[in-house]
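No lab work stands behind these numbers, since they all come straight from the coordinates. In this text, all values refer to a predicted model and were calculated from it rather than measured experimentally. As a convention, Cβ positions derive from the backbone with ideal geometry for all residues, glycine included, and neighbour counts pool all protein chains shown.
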Protein chains: 2
Amino acid sequence: MNKDKAKEQLEEYLKSHNYRVTKERFEVLNAAMNYNGHFEADELFAILKSKKSKVSRATIYNTLEVLVNCGLIFKHRFNDNLSRYEKAFGRSRHDHLICLGCGDIIEFVFPQIEVIQKDICKKQNFVPQNSTFQIFGYCKKCQK
Amino acid sequence: MNKDKAKEQLEEYLKSHNYRVTKERFEVLNAAMNYNGHFEADELFAILKSKKSKVSRATIYNTLEVLVNCGLIFKHRFNDNLSRYEKAFGRSRHDHLICLGCGDIIEFVFPQIEVIQKDICKKQNFVPQNSTFQIFGYCKKCQK
DNA sequence: CTGCCTGCAAAACTTTTGCAATGCG
DNA sequence: CGCATTGCAAAAGTTTTGCAGGCAG
């Protein structure tokens, strides 16, 4: 089952970095893996709280960073003043259309983007870690 | 002269939208046009203040939004918790490499990106307003 | 003159930090 | 047991907002 593999991956990552394996970290992982779509830190906090979890905001932020670092979730900064996250486990590269009307985030896959990236980085002698292509505009529903 | 054309463009934009033409807006425009590279809102505020300008933070934010809307500056959200701006006037499309080591922002031009964008938007029936391709990684200096 | 725009200060919001308590290794 | 991690609350930092006064049209 996917969720178990994610758990395994986190545990391995923690151990190999001499970080402690705590139940809080798995609670955050679970909430993140169960979330369908893009979520904010405070959203996870609310969800966990509603499930009577005692995980604090500080731990959420701490753990989200860990999860980003071990590749289990992506972190995005779109147009506004907060970070959005999404499950990365088992997903391949994709990018986003962001609707300025309704705020919807639409994903797309376009393999050529990675080719371009390699090309650019080679030219600039730049070692890429990750990248994002964001297109802002209006989705089908929001065009007048 | 370029600066006069930018001024003209702003004035026209303001009038056509029934916004008022104020000296504060031109002070912000000037500071933005004189800035070489990427700047933050508070940086402009400091610069203006050091020049004995009385423009307030509120007006800076207000005006930066106006300038973005009339195409005189670009607004970017990179990895961190603030907005960065840069002159757009007289510049063509370019994208950014952001160094995770030293924070440098390196620009690059890659015309094919716009072709891809058109392709994607057509497929998704999405009307693009603007877009950004950001590559995070390590620049020449910051590779070990 | 009308009401948009400004400056100031406070508020709002996300994220980070300090500290004592907890519990992993 | 030692110390990384946690919860809580406060702090930090950017951006927004409310309000009284000022100035563009």
Problem set entry | Fewest-first sequence of A:Ser92, A:Ser83 by Cβ atoms within 10 Å of each Cβ | A:Ser92, A:Ser83
For this session: For B:Arg91, go 7 angstrom from Cα along the Cα-to-Cβ vector, then report the distances to that same point in the other copies in nm, smallest first.
Result: 3.1
Problem set entry | Two-decimal ratio, region A:95-137, of alpha-carbon radius of gyration to 2.2 N^0.38 Å | 1.41
Problem set entry | Separation in nanometres of the label points that stand 7 Å from Cα toward Cβ, at B:Asn79 and B:Asn18 | 4.6
Seminar exercise, completed: Computed, not fitted: 222 nm per-residue ellipticity of chain B from DSSP H runs ≥ 4 (each -39500 (n - 2.57)), nearest 500, equal to -14000 deg cm²/dmol
For this session: For B:Lys140, list the lysines whose Cα falls under 23 Å from its own Cα; do not include residues on the same chain fewer than 8 positions away.
Result: A:Lys118, A:Lys122, A:Lys123
For this session: Determine, for B:Tyr85, A:Tyr61, the number of other Cβ atoms within 10 Å of each Cβ, and report the residues in order from fewest to most.
Result: A:Tyr61, B:Tyr85
For this session: Using Cβ-Cβ distances only, list the Cys residues of the protein assembly as shown with no partner cysteine under 4.7 Å, sorted by number.
Result: A:Cys70, A:Cys102, A:Cys121, A:Cys142, B:Cys70, B:Cys102, B:Cys121, B:Cys142
Seminar exercise, completed: Copies of B:Val109 compared via label points 7 Å along Cα→Cβ give distances in nm, shortest first, of 3.4
Problem set entry | Value of Rg to Rh for the protein assembly as shown (Rh from inverse mean 1/r over Cα pairs, i.e. Kirkwood) | 1.01
For this session: Calculate the spin-label point distance for B:Glu107 paired with B:Asp4, positioning each point 7 Å from the Cα along the beta-carbon direction, and give it in nanometres.
Result: 2.4
Exercise. What's the exposure ranking of B:Val21, B:Val127, going from fewest to most Cβ atoms within 10 Å?
Worked result: B:Val21, B:Val127
Problem set entry | Label distances, nm, B:Asn69 versus same residue in remaining copies, Cβ-directed 7 Å point | 4.2
